[in-house]
1. Just name the residue that is surrounded by the fewest Cβ atoms within 10 Å (Cβ to Cβ) out of those in segment 99-141 that are under 28 Å from ASN164 (Cα atoms) and polar (S, T, N, Q).
2. Kindly list the number of the only condition in (1) touching a strand residue (DSSP E or B) at 6+ places or on another chain (Cβ under 7 Å); (2) assigned to a loop (DSSP other than H, G, I, E, B); (3) of a type in the set (Ser, Thr, Tyr) that fails for SER170.
3. Residues in segment 53-64: is at least one touching a residue at least 40 places away in the same chain (Cβ under 8 Å), out of contact with any Asp or Glu (no Cβ under 7 Å at 6 or more places or on another chain) and among the aliphatic types (A, V, I, L, M)?
4. Can we say ALA18 is among the hydrophobic types (A, V, I, L, M, F, W, C), at pLDDT below 95 and touching a Leu at 6+ places or on another chain (Cβ under 6 Å)?
5. Could you grab me the full set of residues in segment 82-93 that are closer than 18 Å to VAL114 by Cα and surrounded by fewer than 24 Cβ atoms within 10 Å (Cβ to Cβ)?
6. For segment 79-105, enumerate the residues that are of a type in the set (Ser, Thr, Tyr) and more than 21 Å from GLY137 (Cα to Cα).
7. Six or more apart or on different chains, Cβ atoms under 6 Å: show the pairs whose first residue is in segment 190-218 and outside the structural domain of THR89 (by TED's automatic domain parsing) and small (Gly, Ala, Ser) and whose second is at pLDDT below 95 and buried (at least 19 other Cβ atoms within 10 Å of the Cβ).
8. Taking the stated definitions as given, is PHE59 in the same structural domain as ARG187 (by TED's automatic domain parsing) and over 23 Å from THR148 (Cα atoms)?
Amino acid sequence: MLKYSQFAIAVVAALVLATGASVATAQNITEGFDDITTLPAAGWAEQNNSVPLGVQPYFQGNSSVFASQGGAANSYLGVNFNSGSGLSTISNWKIMPNRVLSNGDTLKFYTRTVDTPAYPDRLQVRMSLNGASTNVGSTATSVGDFTTLLLDINPTYSLSGYPNGWTQYSITLSGIGAPTSGRLAFRYFVENGGPSGANSDYIGIDTLAYTQAPEPAALALLGIGGLALIRRRR
């Protein structure tokens, strides 16, 4: 009778783990930016709070500036100094789809600037735990619900501080507590930027992967199932 109980525990654990993996897979995001016109339908949002406001939103990569990290030569997300106009504080947001965010989730992406930078660039990654909110405030310095800074590339505006070749960055979420509905966002944030500024040029973002961590309960049940099978073998 004991061996059947152990077998049942192992089966249940495997089923729970499979269910957890299925949910996690549904939460994952893989994006190569082959066609950025499809992003809104996939849950992405955008807001440009640059002051003064420029004429250029996020755009399909320009292969004549540099080619993508992977895929077609223009298959990356581009943003540049024309986010603002004149001498401006650039704050141009690209907001990822709503997900249940948990400790251990990872965001990986590649980014770069031009081959020979003459104007420093900067990029932030921020997090909101306020559900599907896309509130980033209404000024160039506001962040709205995206109060948690996860990554800040080149905050000191060094000419060598932003990679001029495709470089992967990896972020592991922490400090969330219980799994919470929220969003991650890219913020092209450049002070003293725009066409007349000393900073801001052109950056690309490519080959993005957001991966949800396995549920702790599923891992625990897997452990129970594994112990049951070991005991059965003995």
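1. We begin by selecting, within segment 99-141, every residue under 28 Å from ASN164 (Cα atoms); these are 105-127, 140-141.
Imposing the further condition that a residue be polar (S, T, N, Q) reduces the set to 106, 111, 113, 116, 124, 141.
Working: THR106: 14, THR111: 25, THR113: 26, THR116: 8, GLN124: 20, THR141: 11.
Within segment 99-141, the match that is surrounded by the fewest Cβ atoms within 10 Å (Cβ to Cβ) is THR116.
2. Against the list (1) touching a strand residue (DSSP E or B) at 6+ places or on another chain (Cβ under 7 Å); (2) assigned to a loop (DSSP other than H, G, I, E, B); (3) of a type in the set (Ser, Thr, Tyr), SER170 comes up short only on (2).
3. There is no residue in segment 53-64 that is touching a residue at least 40 places away in the same chain (Cβ under 8 Å), out of contact with any Asp or Glu (no Cβ under 7 Å at 6 or more places or on another chain) and among the aliphatic types (A, V, I, L, M).
4. no
5. Residue satisfying the conditions is ASN82 alone.
6. Going through segment 79-105, the residues of a type in the set (Ser, Thr, Tyr) turn out to be 83, 85, 88-89, 91, 102.
Hit for segment 79-105 is SER102, nothing else.
7. ALA218/VAL16; ALA218/LEU17; ALA218/GLY20
8. Numbers: in the same structural domain as ARG187 (by TED's automatic domain parsing): yes; over 23 Å from THR148 (Cα atoms): yes.
Yes: the conditions hold for PHE59.
The values are calculated or read from the model by the stated rules, or taken from the named source; none is laboratory data. All values reported here derive from a predicted model rather than from experimental measurement. With ideal geometry, Cβ positions are generated from the backbone for all residues, glycine too; neighbour counts draw on all protein chains shown.
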